[in-house]
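Please treat every number below as a calculation from the coordinates, not as lab data. Just so it is clear, the model here is predicted, and its values are computed rather than measured. Note that each Cβ is placed from the backbone with ideal geometry, even for glycine, and that neighbours are counted across all protein chains shown.
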C-alpha cells in the first residue's frame, strides 16, 4: 500500500520535497505570504489517521479552530474516497483561512508508511474502535504525539498495551474524552471532589442505545476500500455495507453513522460509545481515575436477528471499594448524577455560560428545576453559583475549554493532558467489563490493581480480556517486535 506521491512537507523548512516518498528531487516552494508568521515550519505538524465521520466532525474542526498552533500536513484512510474527501476539505478550509491555494497535503493509504515521515510531529487517530490501540502504539513507538478517539481500545489487554507503550515512550497523549474540557463537567467534578454532596454513595449514568437490524446480504467489496486491512486483527467475514460505512455518491450521506458501531466484532456498542465519556466523568468526580470497580453486575437484551448484534436496553451496577455504586442504564436521562449524603449534582452536555450563572444569581442560587433542566444542576444551586474556592481542589482546566487546544498546548509544554492514556484506558475498562457482564447471569468480581477477574468463574472470565488477533495485524505482534510484550 503506497502513498499517492503528493509532495511532503518539512517541519524545519518552508519548502516541500517529494524525494522521501517518490524520489523526486525538485522542491516545491510555498510562498511565505500563505501563512506569514504561522508558516508550517513554526507549527505542530499533524497527520490524520482515519478520515470518517468523527474525524470530520471533531478532529478536523478542532485543528481548524487551532490553526495558530498546528496544521494538517497529511491524511490517511483505507478508503480512497475518504482520503480524497479529507484532502479537499482540509485544503479548502486552509485556502479560505489563508487566502492562497493550499494544495500540498500528502495522502496515504497505509498509516505505517506515514509514520516514517520524521517531519510529522503528531497524529490524530479517528478510526473504528478495533483500530484504536494498534496505530496509537505504533505512533508512540515512531515518536509521534497522539490524539486518540475514545474508546481507548477494543479489549482490556489492548488498552493496557496502549497505555504502557505511551508511558514507555513518553509521548503526549490525549484521549478524545472532550467532556473533560467542558466547563460544566469540570465544575461538577470539582464540587463533588470538594465534598459538597458529602460522601458519594451512588452515581447514575444515562446513555442511549443502538438500533437492531442491518442488511446481512453479502456484497462485492468496493474498489476504493482495502477491506482486508479494514478488518485488521478481527476475523475475516464477508463484506456488506452495513458492516462497515456508507458508500454513496452524496458526500453528506457518506458520513452518516456507520454500521460497524453496532457490531460486536468491532466494538461493544453504546456502553463504550457513550459510556467511555460518562464513566470517565464519573471517575473524575469520584477520584477513581486510576482504579476501577471491584464488582459488576449487568443485564441486557441482545438482537435476535439482523446483522447488528451489540446490546440493546441494559442496566449495569458497578460497586467500588469504598462502597459507592455506579448505575448505568438507557432508562436514565443522558448525563451523570452524583448522589451523596448531603445532596446531589447533575451534569450533562449543553450550553453552560455566564447566562446560566446570572440566572442562578438572580434566584439566589435556588429555584425550581430537575436534573434535566440545565447542563449542570444541584440539590443546592448555591454550590454552582459559588463554584470552587481558593485552597480547594482545582482540576485540570483546558485552555479555552478546548480539548484539542489542550492537547496541542501539552505538546508544546510536554506536560500531561487533561485525558492521559492511563485514565482513558481505566474508564474504557469499566465499559468493557460491563459489556462482558451483560453476557453472564451472575456478578463478576474485578481486581483493578491486576486488571483481572477474581473469584468463582475467573479462569473463564479472564479469557474475555483479549481476543485472538488475525495476522499480520494486531497489537501483540507490535509489542513483541518492540520488546514490550
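Results, tabulated for the structure shown:
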read-out	value
The chain, helix-only ellipticity at 222 nm - DSSP H runs n ≥ 4, -39,500 (n - 2.57), divided by all residues, nearest 500	-8500 deg cm²/dmol
Shape of the range 143-285, Cα gyration tensor, a/c cut at 1.5	prolate
Label-point separation in nm, residue 351 to residue 470, each point 7 Å along Cα→Cβ	4.8 nm
Förster radius 45 Å - calculated FRET efficiency between residue 304 and residue 485 (Cβ-Cβ, nearest 0.05)	0.70
Estimated distance in nm for a label pair at residue 96 and residue 229, the labels positioned 7 Å out from Cα along Cα-to-Cβ	3.0 nm
Full-extension gain in nm, residue 440 to residue 389, via 0.36 nm per residue minus C-alpha separation	13.8 nm
For the range 117-188, Kirkwood radius (reciprocal of mean inverse C-alpha pair distance, Å)	12.6 Å
Fewest-first ranking of 221, 444, 81, using other Cβ atoms within 10 Å as the exposure measure	221, 81, 444
Over 34 Å [Cα-Cα, the chain], rounded percent	37 percent
Ascending count of other beta-carbon atoms within 10 Å, so fewest first, for 145, 330, 325	325, 330, 145
Tilt relative to the chain, helix 275-286 - C-alpha long axis, 0 to 90 degrees, to 10	50 degrees
Crossing angle, helix 421-438 versus the chain [Cα axis fit, 0-90 degrees, rounded to tens]	60 degrees
Chain lengthening between residue 397 and residue 415 when straightened (0.36 nm per residue, less Cα-Cα)	5.2 nm
Principal-axis tilt of helix 183-193 within the chain, Cα atoms, nearest 10 degrees	40 degrees
Computed label-point distance, nm, for sites residue 218 and residue 294 using a 7 Å Cα→Cβ extension	5.1 nm
Theoretical FRET efficiency, 1/(1+(r/R0)^6), r = Cβ-Cβ of residue 67 and residue 454, R0 60 Å, to 0.05	0.75
Full-extension gain in nm, residue 201 to residue 315, via 0.36 nm per residue minus C-alpha separation	39.2 nm
